[in-house]
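Input: one structure, supplied below.
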Amino acid sequence: MNNFEFFNPVKIVFGQGQIAKLAELVPTGAKVLTTYGGGSIFKNGVYDQVKAALAGFEVVEFGGIEPNPQYSTLMKAVEIVKTQNIDFLLAVGGGSTLDGTKFIAAAAKYEGADPWDILAKAAPVEDALPLADVITLPATGSEMNGFAVISRKETDEKLAFYSTKVYPRFSIIDPTTTFSLPPRQVANGIADTFVHVVEQYVTHPQEATLQDRQAEALLLALVEEAPKVFARPNDYNVRANLFWMATQGLNGWLNVGTVQCWAIHAIGHELTAQTGVDHGRSLALVLPGMWRSQRKEKGEKIVQLGRRVFGIAEPDFEKALDLTIEATIAFFKSLGIDATREAYGVDETVCRAVAKMIGDRGAKLGDRGNIDGDKVYEILQLCD
């Protein structure tokens, strides 16, 4: 383990009926901008609960944040924040809505010429509006971290930023809000959570025993709970467990004092920007190619995952590694995720475009910093 500092100030308010606590959680006298996406919160009753809880506040609404939140859309919200003197943001919906709201919070206080620099040039976030959320989709873990991923259609880019300034002040998680989610979204969220854990766990060995065991516990729990949610979609305990796994998968606890990878996500983001493939499915697609390409660098941890999570007892190291990749693909397939290039139109042109985009940035991805544009192309060629 390396030296580290750990920061996570988010208050989690978890359980059925907790949306009503907004009235006591939002600062007294705040002028609130509520943000949401395409309208699912109107169908599942969440909007009505939020509106009732905020009855004593001055509230402005902003809807239409996309599943891959677009910079142009978010800048419209920034203008509302500035012209209407908003002083508190409340994201209501899934991780994309919350990611977009984090960017709104940072961009509204940004003093540089172009807020896109926060993403494209890693411009520091010196200040941000306070924000919170009512999260309704277990997937990104955005409710307990300072990360956000934003897209820009004009340049076919999907970029991330991190700042301690955009951690939610609180996050309300009511598992009953997930009962109405389509199976495809549930599957995507499980895949996203699985790969979040993998990006922190499948690196080179770092002698972080507790973090390894914590990651393995999450992966084991996901593999155990995943089939239950499709068999019993209205089981509160199953939904609650899955949501808490997604939250813990990316709240910083698994990577304390360690080096992480995140190359799967970087490539997956570019695939989504190029083809529109669902985020969770882009990760399921890239992961096998990543492990095949990096079998020497990541082999020890891949096999460790296979033995401890999937129960692979094969004594031969190389065979155990291949069996682990196969078991992971089988897990994705059990979710209904077809992790193949053909399924998502990832042809030769797309592979070259993604490799070029990453290569042109001069990126060196992965926990060892050994994945450049050429290596990205190789990884995509090794995907099924």
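Filter the range 235-260 down to the residues that are touching a residue at least 12 places away in the same chain (Cβ under 8 Å) and over 18 Å from Glu199 (Cα atoms), then identify the one that is farthest from the chain's Cα centre (by Cα).
As a first pass, look at the range 235-260 and keep what is touching a residue at least 12 places away in the same chain (Cβ under 8 Å): 236, 238-260.
Now drop any that are not over 18 Å from Glu199 (Cα atoms), which leaves 236, 238-244.
Details: Tyr236: 23, Val238: 20, Arg239: 18, Ala240: 18, Asn241: 17, Leu242: 14, Phe243: 13, Trp244: 14 Å.
For the range 235-260, the residue satisfying everything is Tyr236.
Return yes when Phe147 is in the same structural domain as Leu285 (by TED's automatic domain parsing) and out of contact with any Asp or Glu (no Cβ under 6 Å at 6 or more places or on another chain) and no when it is not. Spell out the reasoning first.
Numbers: in the same structural domain as Leu285 (by TED's automatic domain parsing): no; out of contact with any Asp or Glu (no Cβ under 6 Å at 6 or more places or on another chain): yes.
The answer is no for Phe147.
Which of (1) over 16 Å from Ala132 (Cα atoms); (2) surrounded by fewer than 15 Cβ atoms within 10 Å (Cβ to Cβ) does Ala20 not meet, given it meets every other one?
The one condition Ala20 does not meet is (1).
Does the range 124-132 include one or more residues that are closer than 28 Å to Gln16 by Cα and crowded, with 23+ Cβ neighbours inside 10 Å?
Within the range 124-132, one or more residues are closer than 28 Å to Gln16 by Cα and crowded, with 23+ Cβ neighbours inside 10 Å.
Condition (residue is aromatic (Phe, Trp, Tyr), assigned to a helix (DSSP H, G or I), touching a Ser or Thr at 6+ places or on another chain (Cβ under 8 Å) and surrounded by 15 or more Cβ atoms within 10 Å (Cβ to Cβ)) applied to the range 68-85: is it met by at least one residue?
Filtering the range 68-85 down to residues aromatic (Phe, Trp, Tyr) leaves 71.
So of that shortlist, the ones also assigned to a helix (DSSP H, G or I) come out as 71.
Among the residues that remain, those that are also touching a Ser or Thr at 6+ places or on another chain (Cβ under 8 Å) are: 71.
Imposing the further condition that a residue be surrounded by 15 or more Cβ atoms within 10 Å (Cβ to Cβ) reduces the set to 71.
The answer is yes; a qualifying residue exists.
Filter the range 46-65 for residues that are over 22 Å from the mean Cα position of the chain (by Cα), of a type in the set (Gly, Ala, Ser) and at pLDDT 95 or above and give the result.
If the condition is that a residue be over 22 Å from the mean Cα position of the chain (by Cα), of a type in the set (Gly, Ala, Ser) and at pLDDT 95 or above, then Ala52, Ala53, Ala55 are the ones that fit.
Another question about this same structure. Give me the residue from the range 261-314 that is touching a helix residue (DSSP H, G or I) at 6+ places or on another chain (Cβ under 6 Å), in contact (Cβ under 8 Å) with a residue 60 or more places away in the chain and not in a helix (DSSP H, G or I) and, out of that set, nearest to Ala160 (Cα to Cα).
Per the stated criteria, the residue is Trp262.
Those residues that are hydrophobic (A, V, I, L, M, F, W, C) and either in a helix (DSSP H, G or I) or outside the structural domain of Leu25 (by TED's automatic domain parsing) (or both), I need them from the range 86-99; list them, please.
The initial filter retains those residues of the range 86-99 that are hydrophobic (A, V, I, L, M, F, W, C), namely 86, 88-92, 98.
If the condition is that a residue be hydrophobic (A, V, I, L, M, F, W, C) and either in a helix (DSSP H, G or I) or outside the structural domain of Leu25 (by TED's automatic domain parsing) (or both), then Leu98 is the only one that fits.
Need the failing condition index for Leu218 against (1) among the aliphatic types (A, V, I, L, M); (2) part of a loop (DSSP other than H, G, I, E, B); (3) crowded, with 20+ Cβ neighbours inside 10 Å, just the number.
(2)
Just name the residue that is nearest to the chain's Cα centre (by Cα) out of those in the range 1-29 that are within 25 Å of Asn251 (Cβ to Cβ) and of a type in the set (Gly, Ala, Ser). Show your work before the answer.
First pass over the range 1-29, keeping only residues within 25 Å of Asn251 (Cβ to Cβ): 1-22, 24-27.
Pick out the ones that are also of a type in the set (Gly, Ala, Ser) and you get 15, 17, 20.
Details: Gly15: 21, Gly17: 25, Ala20: 26 Å.
Residue satisfying both the conditions and the ranking: Gly15.
Being out of contact with any strand residue (DSSP E or B) (no Cβ under 6 Å at 6 or more places or on another chain) and either crowded, with 18+ Cβ neighbours inside 10 Å or among the charged types (D, E, K, R) (or both) is the filter; apply it to the range 27-43 and report the residue that is farthest from Ser282 (Cα to Cα).
This residue is Lys43.
Suppose we filter the range 145-162 for residues that are more than 10 Å from the chain's Cα centre (by Cα), hydrophobic (A, V, I, L, M, F, W, C) and crowded, with 24+ Cβ neighbours inside 10 Å; how many remain?
So the answer is 1.
Still on this model: From the list Phe331, Phe317, which residue is of a type in the set (Phe, Trp, Tyr), in the same structural domain as Leu218 (by TED's automatic domain parsing), in contact with a helix residue (DSSP H, G or I) (Cβ under 9 Å, 6 or more places away or on another chain) and crowded, with 17+ Cβ neighbours inside 10 Å?
Numbers: Phe317 fails: crowded, with 17+ Cβ neighbours inside 10 Å.
Matching residue, one of Phe331, Phe317: Phe331.
The values are calculated or read from the model by the stated rules, or taken from the named source; none is laboratory data. Quantities reported herein were computed from a predicted structural model and do not represent experimental measurements. With ideal geometry, Cβ positions are generated from the backbone for all residues, glycine too; neighbour counts draw on all protein chains shown.
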